[in-house]
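Below you'll find the structure, written out as structure tokens, and then a few comments.
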Amino acid sequence: QVQLVESGGGLVQAGGSLRLSCVPSESILSINHMAWYRAVPGTQREFVASITSGGNTHYSDSVKGRFIISRDIAKNTLYLQMVNLNVEDTAVYYCYAQSDVSVDFGRGTQVTVSS
């Protein structure tokens, strides 16, 4: 099981930016697939963005052009850079990791966008 610790959430005004971070308990190079999901209370998690071990990225239509997923191998950290945030982006954001032996989510970090 991979432990995932997210950080970087907070309160921001509409149009603002935030950068989320996720640090896994194992080498990021050993993880096949990492992603960000988000959830509003009472709803299921929805996919936001993903990155493969080869560096290929994929985004949901709702964030494409505004969010960028990336990783820093030297810092063993996954990022989600979010710009031009809107109130619909308010949610708990979860880091996701798929390795050869497990699929794991972190505990999440709250992002709140005010109008």
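The values are calculated or read from the model by the stated rules, or taken from the named source; none is laboratory data. This structure is a prediction, so every number in the text was calculated from the model and none was measured. Note that each Cβ is placed from the backbone with ideal geometry, even for glycine, and that neighbours are counted across all protein chains shown.
Structure values in brief
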| read-out | value |
| --- | --- |
| Per-region count, region 24-43, residues more than 15 Å from GLN110 (Cα to Cα), among the aliphatic types (A, V, I, L, M) and assigned to a loop (DSSP other than H, G, I, E, B) | 1 |
| Matching residues, region 37-52, being within 17 Å of SER21 (Cα to Cα) and at pLDDT below 95 | THR52 |
| Conditions (1) more than 13 Å from MET82 (Cβ to Cβ); (2) surrounded by 17 or more Cβ atoms within 10 Å (Cβ to Cβ); number of the one not met by ASN32 | (2) |
| Single unsatisfied condition, SER21 versus (1) outside any loop (DSSP other than H, G, I, E, B); (2) over 10 Å from the mean Cα position of the chain (by Cα); (3) small (Gly, Ala, Ser) | (2) |
| Residues (farther than 15 Å from CYS95 by Cβ and modelled with pLDDT of 95 or more) located in region 2-36 | GLY10, LEU11, VAL12, GLN13, ALA14, GLY15, GLY16, SER17 |
